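Trainee: Could you have a look at this structure, given as C-alpha cells, before my questions?
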Amino acid sequence: MNILRFILPFIFATQAFAQVSDFNSISFKKSDSIALVYKNEGLSNLPQLAFQLTSNLDTDIERFRAIYRWVCNNISNNYGLYLRNKRKRERFKTDRIRLKAWNDDFRKKLFSKLLKDQSTICTGYAYLVKELAQLANIECEIVQGYGRVSTTDIENLDLPNHSWNAVKLNNKWYLCDPTWASGIPHPKTNRFTFQYNDGFFLTEPTLFAVNHFPVEEKWWLLDSAIPSFENFLASPIIYGKAYTYLNGHILPQQLHQTIKPFDTVTFNYQVKPTVKIKDITLQLDNGFRTWKTKPQKTTINNTLLIINQQFKTTGFYDVHVFINDDLISTYTVKVSP
C-alpha cells in the first residue's frame, strides 16, 4: 500500500507532462529524410542551412526535428576535448580569475573546432541546436547543469559538466539532449561512433531528471518535487538505452540498497507500450561470478513495470536490469545479517 501511494502521484505527474507523445499524430519521416538529404552541408552558412532544413516543413515540431536530427547525425562528440576541459576546470576551480580566463579561451577554440571539423562537446551541440532553431523562428535555450553517467566521479562533481536544450513548441517547453542522442565514444580509444538515440528527443521530464540536474530550477519542467543535489548524486545509474524503453524511473530511488537476507528489492518503471514481460532479465554480480536470470516476479500493469527480486545470501551485489538485452539501469545491493 505504501508503494502504491508513492507510485500513483508519480504516474499522474508523468501523464501531465507527456512529452514526445504530444505529437503522436505527426510523422517525422519527412523531417528525418530532409536531415539526411543535407548530410554533407557544412556550418559556414548557418542561415542557409536552417532554411534548407526547415523551409519545406509545415509545423514547428517538424522543423525542429529536422534541425535536431541534422545536428545529431553530423556533429561528432570530441571526448578528448571534453576531458581536457574537465581537467583544466578542476585545476582552476578555486581560482575564479584563471577559471574565467580558461573558459573564455576554451570557448573560442571550441567554436572554431565546431565550425572547422564539425566536432565538439555538449556546449557546442546545445549552441548549434539553439542557433539553427532561432534562425527558424523557434524559441530554444541552452540549459547548463550536471549530467550523470556510469563513469561520472560523483565524489568530485562540484562544477556543472553538461549542457542540453529546452525548446518551446505550441507554447510548451520540452527537453532534449543532442549530445547523448548523437552516439557514443569508445571507452578506451575515445573514438566516436554515430548511433542516434531517439529517446533523448522531447524526453519525459521525470526520466530526464534521473541524470540531468539543471542549474536553473525552471528547466526541471516537473509537476512534482524537485530533487536535492544530494538525492541526484545518490540516484541509480541509468543508461542511454533506458530512454528507448522508459517514460519514467520510480524505484529504487537510490543507487545503493541495504537489506537483510531473504528481503525483496522492488524495481518500478513507467515503460513504453512495446515492453513485454518476456523482454526483462537481470544480471547479478557478487564479486565472484556474474550470471543472468529472469526476475523472481515481473508484472506490467498498463505501463507500470514492477520487478521483484529476493536476495537470500549475504554479500554485495551489482544488479543490472536489461530489456531486450539492452542495459537499462544499475544498482548495488548489500545483504547483511
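Trainee: As an exercise, take the mean of 1/r over every pair of distinct alpha carbons in segment 214-278, invert it, and state the Kirkwood radius in angstroms.
Mentor: 14.2
Trainee: Then there is this: Of all the accessible heavy-atom surface of the chain, with the other protein chains kept in place and a 1.4 Å probe, what percent is carbon and sulfur?
Mentor: After summing per-atom areas, the C and S share lands at 51 percent.
Trainee: Using a Gaussian network model of the chain whose springs link C-alpha atoms within less than 10 Å, name the residue from LEU43, LEU53, LEU202 with the highest mean-square fluctuation.
Mentor: LEU43
Trainee: Give me the mean projected area, in nm² to one decimal, of the convex hull enclosing the Cα positions of the chain.
Mentor: 18.6
Trainee: Given ILE184, TYR174, LEU135, which one lies farthest toward the positive end of the charge dipole of the chain, if we put +1 on the Cβ of every Lys and Arg and -1 on the Cβ of every Asp and Glu?
Mentor: ILE184
Trainee: Still on this structure: Could you order the peptides 229-235, 161-167 from most to least packed, using the average number of other C-beta atoms within 10 Å per residue? Working shown, then result.
Mentor: Numbers: 229-235: 14.6, 161-167: 23.3.
Answer by packing, highest mean first, reads 161-167, 229-235.
Trainee: Also, I was wondering about something else. Taking every pair of Cα atoms in segment 105-217, average 1/r, invert it to obtain the Kirkwood radius, and report Rg/Rh to two decimals.
Mentor: Dividing the radius of gyration by the Kirkwood radius yields 0.96.
Trainee: Oh, and also: For GLY183, what residues show an amide H to amide H distance below 5 Å, using hydrogens built from the backbone and excluding near sequence neighbours?
Mentor: Here the answer is GLN195, since their amide H atoms fall under 5 Å of that of GLY183.
Trainee: Report the relative contact order of the chain, percent, no decimals, based on alpha-carbon pairs under 8 angstrom and at least 6 residues apart.
Mentor: Rounded, it is 14 percent for the chain.
Trainee: Then there is this: Quick one: angle between helix 2-16 and the longest Cα principal axis of the chain, in degrees between 0 and 90, rounded to 10, please.
Mentor: Long axis of 2-16 versus the principal axis of the chain: about 20 degrees.
Trainee: Additional query: Could you tell me what % of all Cα pairs in segment 264-314 have separations over 12 Å?
Mentor: 66
Trainee: Taking H placed 1.01 Å from N in the peptide plane, check which residues at least 5 places from VAL143 or on another chain put their amide H under 5 Å from its amide H.
Mentor: Here TRP164, ASN165, ALA166 satisfy the definition.
Trainee: Per DSSP helix of 4 or more residues, -39500 (n - 2.57); summed, then divided by the residues of the chain. What does that give at 222 nm, rounded to the nearest 500?
Mentor: -10500 deg cm²/dmol
Trainee: Could you name the lysines whose alpha carbon sits less than 17 Å from that of LYS241, not counting residues in the same chain fewer than 8 places away?
Mentor: Excluding near neighbours in sequence, the set is LYS272, LYS276.
Trainee: Spelling out what I want: for every residue of segment 47-62, take phi, set θ = phi - 60°, compute 6.51 cos²θ - 1.76 cosθ + 1.60 (Karplus), and round to whole Hz; glycine and proline get x.
Mentor: Once θ is set to phi - 60°, the couplings for segment 47-62 become x, 5, 4, 4, 5, 4, 6, 10, 5, 9, 10, 8, 10, 4, 5, 5 Hz.
Trainee: How much FRET efficiency would the formula 1/(1 + (r/R0)^6) give for PHE322 and ASN170, where r is the Cβ-Cβ distance and R0 is 45 Å, rounded to 0.05?
Mentor: With R0 = 45 Å, the Cβ-Cβ based efficiency is 0.80.
Trainee: Now a separate question. May I ask you to list the residues of segment 51-81 whose amide nitrogen lies under 19 Å from a point 7 Å from Cα along the Cα→beta-carbon direction of ASN137?
Mentor: What the label zone holds, given the 19 Å backbone N cut-off, is 51-68.
Trainee: Subtracting the Cα-Cα distance from 0.36 nm times the residue separation, let me have the gained length for LYS100 to PHE262 in nm, one decimal.
Mentor: Difference between extended and current length: 52.9 nm.
Trainee: Continuing with this model, one more query. Under Stokes-Einstein, with the Kirkwood radius over Cα pairs standing in for Rh, what whole-number D in µm²/s applies to segment 37-76 at 37 °C and 0.692 mPa s?
Mentor: 318
Trainee: Between LYS86 and LYS39, what length in nm is gained on full extension when 0.36 nm per residue of separation is reduced by their alpha carbon distance?
Mentor: Details: separation 47, 0.36 × 47 = 16.92 nm, distance 3.04 nm.
Extending this stretch completely gives an extra 13.9 nm.
The values are calculated or read from the model by the stated rules, or taken from the named source; none is laboratory data. These numbers were taken from a predicted model, which means no experiment stands behind them. Methodologically, a virtual Cβ is constructed for each residue, glycine included, from the backbone with ideal geometry; neighbour enumeration extends over all protein chains shown. Accessible surface areas use protein heavy atoms only, side chains included; no ligands, DNA or RNA. Shrake-Rupley method; radii C 1.70, N 1.55, O 1.52, S 1.80 Å.
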